[in-house]
Amino acid sequence: MLRSLRVVVFLLLLITVGFFYGITYRERIIPYVSYISGNNILNGSFMLIGEDFNPINGWENITITSSTKVSRVKENTLLETITMSLSTSMNIAVKSPAEILKDGDGIIYLETTDRIQPPALVLCAIESAARVYKNRPVAFFMKGLNNTNIEETVKRHFSVLSSMKNIYFLPLRMEELFIDTPLHSWYHKIDPQKQLHWTHVSSDACRLALIWKHGGMYMDTDFISIRSIPYKDFLAAQSSQFSSNGIFGFSSHHNFTQKCMEDFVQNYDSRIWGQQGPYLFTRVLKTFCDIPNFNTTEDVMCGNITFFNPQCFYPISYSSWREYYKVWDKMPPFNDSYALHLWNYMNSGAKLTMVPGDNTLVEHLYKEYCPSVYNSILRNETTYL
């Protein structure tokens with residue numbers, strides 16, 4: 001009897017020690033894991049970021065450490081812990097923007113408010129781009145993300161995109177972004193609280209700086225991608241002789257984006273909506289060529305810049321934006337389009353939504369180009385707005 005009691009006490013002691021060890025071990029390890037895979041663990045090597053790592057400036061100084069003589073039990077425990085923690089986190093600040101976008105072919109999205117719960121249309125836009133551009137990084141820069149809430153935010157609000165491994169979520173830090181650009185002095189002079197249309201103005205500035213620094217393509221979060229854009233340096237005509245800045249692509253340090261940043265500062269006026277956006281792009285484009293009218297569906301060249309016909313991105317014009325939320329007898333093929341702009345700014349008052357089963361055009365687009373988001377809405381796992 002005494003012997004049995006001793007065995008029970010010993011087992012309880014082991015369980016208690018193991019429990020507290022597990023908590024301590026997990027708290028020390030999980031916050032500093034940059035990347036870890038089953039093969040790396042089982043081979044006894046993996047990457048850890050030390051506690052003194054600076055997520056802003058420390059990317060170039062990460063060192064790889066090797067775990068030696070780790071027991072099989074500890075390997076399995078660690079693998080299970082990391083898998084549970086990161087199973088839906090996709091690519092969360094694992095790399096710096098420069099490393100992610102180093103090939104100059106990334107697709108860039110922006111959120112310049114503090115909003116961290118995106119509407120379904122934003123998720124659909126990102127998913128559609130990740131599917132169309134499978135071998136290119138899709139980077140979503142969010143002002144509301146910071147070093148303490150990235151993993152929690154992404155797991156909570158973006159888990160529907162967890163299967164898309166080319167999507168990256170990154171904090172948007174304007175102060176750092178504008179360094180070494182003409183926008184840096186402007187940013188220090190103005191008071192954001194006193195600027196009209198600051199959300200749009202700051203977005204106009206950020207997209208220019210990001211594309212100038214890294215190259216690639218920028219898209220507003222209300223574009224649904226349907227096929228790959230074949231050109232690198234391009235602008236999109238919203239109408240004849242008028243350029244959009246909602247979607248564009250350039251190689252890094254291109255002369256066009258450089259001139260746009262200079263004009264942005266010289267002619268800054270936040271009181272005029274679009275002054276730093278489509279009007280800016282149109283002004284600068286006119287310095288490259290005489291912008292022609294579009295009489296057919298053909299695109300035109302303006303210097304070394306492809307100026308896409310309005311049908312490529314705006315087959316449904318802003319005045320007809322409600323057509324996306326109507327029932328169509330037949331799904332239009334959009335044969336001349338690479339992406340479709342859903343004019344979310346026009347919809348900001350009406351707040352029309354994609355509702356499963358309504359058989360609207362927007363529902364057909366969700367089904368075909370962002371099926372994960374569509375199925376999530378069917379399961380009531382994400383918002384409709």
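Structural remarks
- Residue that is farthest from Met217 (Cα to Cα) [pool: residues in segment 329-343 that are open to solvent by less than 70 Å² (accessible area, probe 1.4 Å) and under 26 Å from the mean Cα position of the chain (by Cα)]: Phe334
- Contact annotation: residue pairs with Cβ atoms under 8 Å, 6 or more positions apart or on different chains, pairing a residue in segment 262-275 that is in contact (Cβ under 8 Å) with a residue 40 or more places away in the chain with a partner that is in a helix (DSSP H, G or I) and loosely packed, with under 15 Cβ neighbours inside 10 Å, are Val265/Ser185.
- Restricting segment 238-255 to residues that are more than 13 Å from Phe308 (Cβ to Cβ) and among the hydroxyl-bearing types (Ser, Thr, Tyr), the residue that is most open to solvent (accessible area, probe 1.4 Å) is Ser252.
- Of all the residues in segment 154-174, those that are more than 16 Å from Ile107 (Cα to Cα) and open to solvent by 10 Å² or more (accessible area, probe 1.4 Å) number 9.
Yes/no per residue for (1) more than 15 Å from the chain's Cα centre (by Cα); (2) of a type outside the set (A, V, I, L, M, F, W, C):
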{"position": "His197", "(1), (2)": "yes, yes"}
{"position": "His200", "(1), (2)": "yes, yes"}
{"position": "Cys206", "(1), (2)": "no, no"}
{"position": "Trp212", "(1), (2)": "yes, no"}
{"position": "Met217", "(1), (2)": "no, no"}
{"position": "Asp222", "(1), (2)": "no, yes"}
{"position": "Ile226", "(1), (2)": "yes, no"}
{"position": "Tyr231", "(1), (2)": "yes, yes"}
{"position": "Phe234", "(1), (2)": "yes, no"}
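- Close contacts from segment 288-303, counting a first residue that is more than 18 Å from Phe256 (Cβ to Cβ) and a second that is open to solvent by less than 60 Å² (accessible area, probe 1.4 Å), with Cβ to Cβ under 7 Å and a gap of 6+ residues or different chains, come to Asn293/Ser240; Phe294/Ala237; Phe294/Ser240; Phe294/Asn309; Phe294/Pro310; Thr297/Asn309; Glu298/Asn309.
- Flag if Phe223 is among the hydrophobic types (A, V, I, L, M, F, W, C), closer than 18 Å to Val138 by Cβ, touching a residue at least 60 places away in the same chain (Cβ under 8 Å) and open to solvent by less than 10 Å² (accessible area, probe 1.4 Å): yes
- Selection within segment 257-310 - among the polar types (S, T, N, Q), over 17 Å from Asp233 (Cα atoms) and either crowded, with 19+ Cβ neighbours inside 10 Å or touching a helix residue (DSSP H, G or I) at 6+ places or on another chain (Cβ under 9 Å) (or both): Asn267, Ser270, Gln275, Gln276, Thr297
- Residues (of a type outside the set (S, T, N, Q), over 17 Å from Phe140 (Cβ atoms) and either in a helix (DSSP H, G or I) or at pLDDT 95 or above (or both)) located in segment 192-213: Pro192, Lys194, Trp198, His200, Val201, Asp204, Ala205, Leu208, Trp212
- For segment 130-150, filtering for residues that are open to solvent by 60 Å² or more (accessible area, probe 1.4 Å) and in contact with a strand residue (DSSP E or B) (Cβ under 9 Å, 6 or more places away or on another chain) leaves 4.
- Contact map, segment 100-120: residues that are open to solvent by less than 40 Å² (accessible area, probe 1.4 Å) paired with residues that are basic (Lys, Arg), Cβ distance under 8 Å, separation 6+ or inter-chain. Pairs shown: Gly106/Arg136; Ile107/Arg136; Ile108/Arg207; Leu110/Arg207; Glu111/Lys143; Thr112/Lys143.
- Set Phe248, Phe223: member being touching a strand residue (DSSP E or B) at 6+ places or on another chain (Cβ under 6 Å), of a type in the set (Phe, Trp, Tyr), farther than 26 Å from Glu175 by Cα and at pLDDT 95 or above: Phe223
- Taking segment 161-186 as the range and being of a type in the set (A, V, I, L, M, F, W, C), in contact (Cβ under 8 Å) with a residue 40 or more places away in the chain and either in contact with a Leu (Cβ under 6 Å, 6 or more places away or on another chain) or assigned to a loop (DSSP other than H, G, I, E, B) (or both) as the test, the residues that pass are Met164, Ile167, Leu172.
- Residue check for Trp198: more than 22 Å from Leu365 (Cα to Cα) and buried (at least 22 other Cβ atoms within 10 Å of the Cβ): no
- So Leu378, is it among the aliphatic types (A, V, I, L, M) and over 23 Å from the mean Cα position of the chain (by Cα): yes
- Pair list, Cβ < 8 Å and 6+ apart or interchain, from segment 350-372 residues that are of a type in the set (Lys, Arg) to residues that are in a helix (DSSP H, G or I) and surrounded by 15 or more Cβ atoms within 10 Å (Cβ to Cβ): Lys367/Tyr374
Residues are listed down the side, and each one gets a yes or a no for (1) out of contact with any Pro (no Cβ under 9 Å at 6 or more places or on another chain); (2) among the small types (Gly, Ala, Ser); (3) at pLDDT 95 or above:
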residue: Gly303; (1), (2), (3): yes, yes, no
residue: Phe308; (1), (2), (3): yes, no, yes
residue: Ser320; (1), (2), (3): yes, yes, yes
residue: Ser337; (1), (2), (3): no, yes, yes
residue: Thr360; (1), (2), (3): yes, no, yes
residue: Glu381; (1), (2), (3): yes, no, no
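The values are calculated or read from the model by the stated rules, or taken from the named source; none is laboratory data. Values in this document were obtained by computation on a predicted structure and should not be read as measured data. Don't worry about glycine lacking a Cβ; one is built from the backbone with ideal geometry, like all the others, and counts go over all protein chains shown. When the accessible area is computed, the model is the full protein with side chains, heavy atoms only, and any ligands, DNA or RNA have been set aside. Shrake-Rupley method; radii C 1.70, N 1.55, O 1.52, S 1.80 Å.
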